[in-house]
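A short worksheet on the structure shown next.
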Amino acid sequence: MNNIKMAFLTGMLALSISTATNAQESSYSYGTVWEAHGIRILPGQFENYMDHLSGSWKQVYDFAKKEGHVIDYHVLATNNARKGEADIMLVIEYKDYMKTAEYQDFQKKIDELLSTNERKADKEFGERATMRETLSSMQFQELDLK
């Protein structure tokens, strides 16, 4: 058999094995989307920051749950945080990623809910720098094993 025929047959065999492998069902499916924010609270600001979380932060995520975008959210305290580690973790579980138009529509509803706008919200975000420092922000997608 000449080299061209051999290469062709080898390629066809590899393609058929690859197709058979791809046809097998995966052992997982994509699940919900999670965000985690590591927050270090500045000295003397714990109660102030918790007031913020209990106020507008909670209001936003309760509304997002009602709208069906968020499944749940949690504020987790770190036990015995070492230097450089977060004091609390803010963890939000989203139903899925939002498309840009969907996010913009949702943001308008949040602005109405909080009687704010993008410029005012940005200023308030900056003012919270006196209470806390965000050490990390990560996003994950759950893989549901079958």
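At 1.4 Å probe size, with the rest of the protein present, what percent of the exposed accessible area of the stretch 46-146 is carbon and sulfur atoms? The computed percentage sits at 50.
Within the full protein context, the accessible area of Ser29 is estimated at about 50 Å² for a probe radius of 1.4 Å. A quarter of the convex hull surface defined by the alpha-carbon atoms of the stretch 74-146 gives 7.6 nm² as the mean projection. The aspartates and glutamates within cross-link reach of Lys123, meaning a Cα-to-Cα straight distance under 15 Å and a gap of 8 or more places when in the same chain, are Asp111. Going down the list Lys65/Lys146; Lys83/Lys146; Lys108/Lys146; Lys83/Lys108; Lys58/Lys146, which pairs span over 29 Å between their C-alpha atoms? The answer is Lys83/Lys146; Lys108/Lys146; Lys83/Lys108; Lys58/Lys146. Averaged over its residues, the stretch 70-146 has an accessible area of 77 Å² per residue, based on protein heavy atoms and a 1.4 Å probe. Summary of packing: across the peptides 89-97, 121-129, the per-residue average of other C-beta atoms within 10 Å ranks them, highest first, as 89-97, 121-129. The Cα trace of the stretch 20-79 gives Rg and Dmax of 18.2, 62 Å, the first to one decimal, the second as a whole number. Per-residue surface analysis assigns His74 an accessible area of about 70 Å², computed on protein heavy atoms at 1.4 Å probe radius.
The values are calculated or read from the model by the stated rules, or taken from the named source; none is laboratory data. These figures come from a predicted structure and were not determined experimentally. Cβ sites come from the backbone with ideal geometry, for glycine too, and all protein chains shown count toward neighbours. The accessibility values were calculated without ligands, DNA or RNA, using every heavy atom of the protein model including side chains. Shrake-Rupley method; radii C 1.70, N 1.55, O 1.52, S 1.80 Å.
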